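The values are calculated or read from the model by the stated rules, or taken from the named source; none is laboratory data. Bear in mind the structure is a predicted one, so any value in this text is a computation, not a measurement. Because the Cβ atoms are built from the backbone with ideal geometry, glycine has one as well, and the counts that use them run over all protein chains shown. To get the accessible areas, we keep the full protein, side chains included, count just its heavy atoms, and leave off ligands, DNA and RNA. Shrake-Rupley method; radii C 1.70, N 1.55, O 1.52, S 1.80 Å.
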Amino acid sequence: MIIEQALLDELVDASTVSTLVGDRIYYDLAPQNITYPYITIHNISGVRDHTHQGPSGLVRAVIQFSIWSSKYVQGKTIAAAIAGVIDGWQATTMQSTYVGECSSIDESDNGYNHDTKSHHLSVDYRVWYNE
């Protein structure tokens, strides 16, 4: 299982997040004319760990959650809900992907878009997992 799917599943299953965005969590791009608020997931970087014997099977990724909302406070509430679910998350998913660490590393206010009348916040997490 790809790590983005494991994170998406975890967020959709969490009532604290689904109460705010429903199932409107997408990879990279959301559908056109989507209802606010929603979340997009982006894999910003991934570095495969190596030992002297070769690849260890571990990956250190930076995953960004972009939060799109019509109200700033709503976006901040969603960011807090995401943190409540995955900051410190460790798990073995149903597809045997082991997540050893998930920790918050950055949060940004990316501004207001006058054309779409939406706020954009992003939160970045470092995730260690096995492939």
Quiz item: Which whole-Hz ³J(HN,Hα) couplings does region 22-27 yield from phi under the Karplus relation 6.51 cos²θ - 1.76 cosθ + 1.60, θ = phi - 60°, glycine and proline marked x?
Solution: x, 9, 7, 10, 9, 7
Quiz item: Tell me, what is the per residue accessible area of the chain in Å², probe radius 1.4 Å?
Solution: 55
Quiz item: Just from its helices, what would the mean residue ellipticity at 222 nm be for the chain, if runs of 4 or more DSSP H residues each count -39500 (n - 2.57) and the sum is divided by every residue, rounded to the nearest 500 deg cm²/dmol?
Solution: -7500 deg cm²/dmol
Self-check item: Average Cα contact separation per residue, region 59-124, under 8 Å, 6 or more apart, as relative contact order %
Solution: 41
Quiz item: How far is it, in nm, from the label point at Leu58 to the one at Trp89 when both lie 7 Å from their Cα along the line to the Cβ?
Solution: 2.0
Exercise. Express as a percent, rounded to the nearest 5, the fraction of DSSP beta bridges in region 1-106 (both residues included) that run antiparallel.
Key: 80
Quiz item: What part of the accessible area of region 2-118, given as a whole %, is carbon or sulfur when the probe is 1.4 angstrom?
Solution: 50
Quiz item: Could you give the angle, 0 to 90 degrees to the nearest 10, between helix 72-86's Cα long axis and the longest principal axis of the Cα atoms of the chain?
Solution: 20
Exercise. Enumerate the amide H contacts of Asn110 below 5 Å, restricted to partners 5 or more residues apart or on another chain; note that Pro and chain-start residues carry no placed amide H.
Key: His120, Leu121, Ser122
Self-check item: Principal semi-axes in Å for region 1-47 [√(5λ), Cα gyration tensor, largest first]
Solution: 19, 15, 7
Quiz item: Expressed in nm to one decimal, what extension gain is obtained for the pair Asp9 and Arg126 from 0.36 nm per residue of sequence separation less their Cα-Cα distance?
Solution: 40.4 nm
Practice problem: Provide the per-residue ³J(HN,Hα) series for region 49-61, in order, calculated from phi with Karplus coefficients 6.51, -1.76, 1.60 and θ = phi - 60°, each as a whole number of Hz, with x at glycine and proline positions. | Solution: 7, 10, 10, 5, 8, x, x, 8, x, 8, 10, 10, 10
Practice problem: Could you give the size of the charge dipole of the chain about its Cα centre, using +1 on the Cβ of each K and R and -1 on the Cβ of each D and E, expressed in debye and rounded to the nearest 20? | Solution: 220
Exercise. Between His50 and His114, with labels modelled 7 Å along Cα→Cβ, what's the label distance in nm to one decimal, could you check?
Key: 5.0
